[in-house]
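Read through the structure below, which is laid out as structure tokens, and then see the notes.
Every number here is computed from the coordinates shown, using simple stated rules; none is lab data. Remember, predicted model here, so these are calculated numbers, not experimental data. FYI the Cβ positions are ideal-geometry reconstructions off the backbone, even for glycines, and counts take in every protein chain you see.
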Amino acid sequence: MTNKYIYFVANWKMFGNLRMIDSLNKVISFVKKLKRNRFRLIYCPPNTLISTLSKKLKPSPILIGGQNCHESNNYGANTGQVNSNMLKDAGAKFVILGHSENRQLGESDRLVNLKIRSSIKSGLKIIFCIGESLSQKKKRVTKKILTQQITQGLKGIKNKKHILIAYEPIWAIGSGLIPTNPEISEIIEFIKKKVKGSKVLYGGSVNTKNINVLKKINNVDGFLIGGASQNPNNLIDIIKKTFN
Ligand code: PEP
């Protein structure tokens, strides 16, 4: 795994303020000091911080993403919503779509598909999240659920080179629980067979301790990191350990 180009996606969720942005100085100087970069770091802050963060990160190789967007990339009377053109305009290059925290609020596979289409049109790259719940895992229907999420979510999308897939078991998000390496590896292989040429990340409770185990998964292309990414020291530690 250490010879590959690895993605680290920092999902700040509904956390973060202007003060927290200053804490990124450490991460910026860590990334700048590296002679040869074998990874790509993408920060996904709340929408309120995208523009400020993107200005701060402009001279660095760190990229910005949004955490969700509306399915239409036109302006419209949609109070509280932001579309993919607006994310792009604010400085985002990526957007997380299909996150289980949004699916749990009622976001369907069809809606995720519309969001992916409009975001691609806006020129954004997509971090497409899929994953099974604990009861689905117990019923041994994980692959069936993932197949449905992939088939419907990517329906009609021919050019998938703009899409990174994040396998995030819902039961692993924020719980401290993670699947075993063979379990993750089997699912990654399954996804890569379904979506030829895709890059697949793992997400769910990645932290400074379990990264020593997770980094041994040889078909993983990176990690989507929630809670642990809010602390710059932890994020730096995760990146360092991945390559040590
Ligand atoms: C996430 O929300 O995408 C995530 C992976 O969260 P955490 O790392 O906190 O489990």
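Observations on the model:
- Violating pairs (Cα-Cα greater than 19 angstrom) within the set LYS13/LYS139; LYS56/LYS88; LYS4/LYS26; LYS137/LYS199; LYS93/LYS196; LYS139/LYS194: LYS13/LYS139; LYS4/LYS26; LYS137/LYS199; LYS93/LYS196; LYS139/LYS194
- Secondary structure note: in the chain, about 0% of the DSSP beta bridges are antiparallel.
- In this rough spin-label picture, where each label sits 7 Å from Cα along the Cβ direction, the TYR75-THR151 distance is 4.1 nm.
- Highest-fluctuation residue, ALA90, ALA77, ALA172 considered, GNM on the chain with Cα pairs under 10 Å: ALA77
- For the chain, the spread of Cα positions along each principal axis, largest first, Å: 48, 45, 30
- Loop sites in region 36-83: trypsin sites (Lys or Arg not before Pro), DSSP, at most 10 other Cβ within 10 Å: ARG36
- Shown here for region 168-234: trypsin sites (Lys or Arg not before Pro) in loop regions (DSSP other than H, G, I, E, B) with at most 15 other Cβ atoms within 10 Å, namely LYS196, LYS209, LYS216.
- Annotation: peptides 149-161, 105-117, ranked by per-residue average of other Cβ atoms within 10 Å with the highest first, follow the order 105-117, 149-161.
- Span from the region 78-137 Cα centroid across to the region 168-214 one, whole angstrom: 19
- Spin-label pair LYS241-THR48: with each label point 7 Å from Cα along the Cα-Cβ axis, the two points sit 3.1 nm from one another.
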